[in-house]
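Participant: Just dropping this structure here.
Please treat every number below as a calculation from the coordinates, not as lab data. All of these numbers come straight from a predicted model, not from anything done at the bench. Note that we place each Cβ from the backbone using ideal geometry, even for glycine, and neighbour counts take in every protein chain shown.
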Amino acid sequence: MPMASVSIITVVKNNAIGLTKTLESAQSQDFSDWELLIIYGKSEDSTFSVASKFCDMDKRISLIEQSDQGIYQAMNLGVKESKADFIWFMNSGDQFYSTKTLSYGFNSIRSSPFGFMVGGYRIDNDSRLFKQSKGELTQLKFALSRRGACHQAMIFCKGAVIESGGFETKFNLAADYMLCLKVIENFGAFKIPDILATVEPNGISDQNLSKMHLEKALIRREIFAQNLTARLLGWCWMKAARTKTILRILAFGKKHPFG
């Protein structure tokens with residue numbers, strides 16, 4: 001397959017309906033110069049049939065099977081197999097916010113000197129929009145962002161991902177958070193207020209919020225090892241985030257964690 005401008009990497013396991021939404025979202029884009037790599041984990045539903053059908057219909061889509069090692073191992077495999085200079089991680093169930101999102105993201109990142117760009121997102125079946133402000137990101141701004149960010153609303157330079165070591169697979173829930181901090185250190189990053197993704201709720205991180213916050217605390221301790229002030233702020237941030245999560249669940253039950 002010839003070089004594409006953007007590689008969309010879609011990890012999927014047991015989510016045939018979600019995969020259909022993601023692939024149809026990619027095909028609806030007004031920007032056509034992309035490839036999409038389905039990184040498939042052995043599934044018990046019709047995921048494989050859905051993936052195969054789309055691959056047969058659209059030669060820009062390809063299927064790569066992997067042993068079930070974990071989502072970040074799968075994302076690293078997608079990076080390795082990609083043929084484009086820019087990468088967008090859009091896992092099964094997630095969608096581009098509009099038909100113009102991919103072209104806008106590509107044109108924005110290719111004209112910048114930064115390692116990645118991050119925009120806002122919305123949760124599927126939720127009317128709220130989670131926006132970013134506009135400007136350059138520092139490690140501390142990203143690490144302690146009140147709204148946070150999600151990789152579905154980011155587009156990366158492939159070279160920045162590779163040179164920053166890819167996803168650190170010793171972390172099961174927050175390796176994307178660590179990669180972003182490394183890319184910011186090495187290449188910089190910027191944020192925009194535009195909404196870029198519609199995210200499927202109830203992912204693995206949503207279901208393990210306390211563990212995710214703990215992983216992020218460990219990552220901050222590693223990244224900011226020589227910055228005692230940042231480490232203290234990070235510790236306070238973790239305590240506040242975990243407390244907020246507990247109080248919200250006690251008050252309202254398990255609703256979306258980014259609220």
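Participant: Give the cross-link partners of Lys182 among the aspartates and glutamates, using a straight C-alpha distance below 13 Å as the criterion and excluding same-chain residues fewer than 8 apart.
Facilitator: By straight Cα distance, Lys182 reaches Glu163, Glu168, Glu222.
Participant: With a cut-off of 8 Å between alpha carbons and a minimum separation of six or more residues, what is the relative contact order of the stretch 6-201 in percent?
Facilitator: Reported as a whole number, the value is 27 percent.
Participant: Can I ask one more? Report the relative contact order of the stretch 55-143, percent, no decimals, based on alpha-carbon pairs under 8 angstrom and at least 6 residues apart.
Facilitator: 11
Participant: Determine the equivalent ellipsoid of the stretch 1-66 by diagonalising the alpha-carbon gyration tensor, then write out the semi-axes as square roots of 5 times the eigenvalues, largest first, rounded to whole Å.
Facilitator: After diagonalising the Cα gyration tensor, the semi-axes are 20, 12, 10 Å.
Participant: Just the number, please: percent antiparallel of the DSSP beta bridges in the stretch 6-201, rounded to the nearest 5.
Facilitator: Working: 12 of 36 bridges.
Among the beta bridges of the stretch 6-201, antiparallel pairing accounts for roughly 35 percent.
Participant: Over all distinct alpha-carbon pairs, what is the Kirkwood Rh of the stretch 6-201 in angstrom? Mind showing how you got there, number by number?
Facilitator: On the way: mean 1/r = 0.0602 Å⁻¹.
Hydrodynamic radius (Kirkwood, Cα pairs) of the stretch 6-201 is 16.6 Å.
Participant: List the aspartates and glutamates whose Cα lies under 20 Å from the Cα of Lys100, skipping any in the same chain that are fewer than 8 positions away.
Facilitator: Candidates past the 8-residue exclusion: Glu24, Asp30, Asp33, Glu35, Asp58, Asp85, Asp124, Asp194, Glu200.
Participant: Checking the table Lys21/Lys216; Lys83/Lys191; Lys21/Lys170; Lys83/Lys131 against a 28 Å threshold on Cα-Cα, which pairs fail? All intermediate terms of the calculation are to be shown ahead of the outcome.
Facilitator: Details: Lys21/Lys216 30 Å; Lys83/Lys191 25 Å; Lys21/Lys170 30 Å; Lys83/Lys131 30 Å.
The pairs that break the limit, which is 28 Å between Cα atoms, are Lys21/Lys216; Lys21/Lys170; Lys83/Lys131.
Participant: Moving on. Can you tell me the order of 48-55, 93-100 when each peptide is scored by its average per-residue count of other Cβ atoms within 10 angstrom, highest first? Write down the numbers at each step before the final one.
Facilitator: Details: 48-55: 17.9, 93-100: 19.9.
Descending mean neighbour count gives 93-100, 48-55.
Participant: Also, I was wondering about something else. Contact order normalised by length for the stretch 99-206, with contacts defined as Cα pairs under 8 Å and 6 or more residues apart; what percent is it?
Facilitator: Reported as a whole number, the value is 44 percent.
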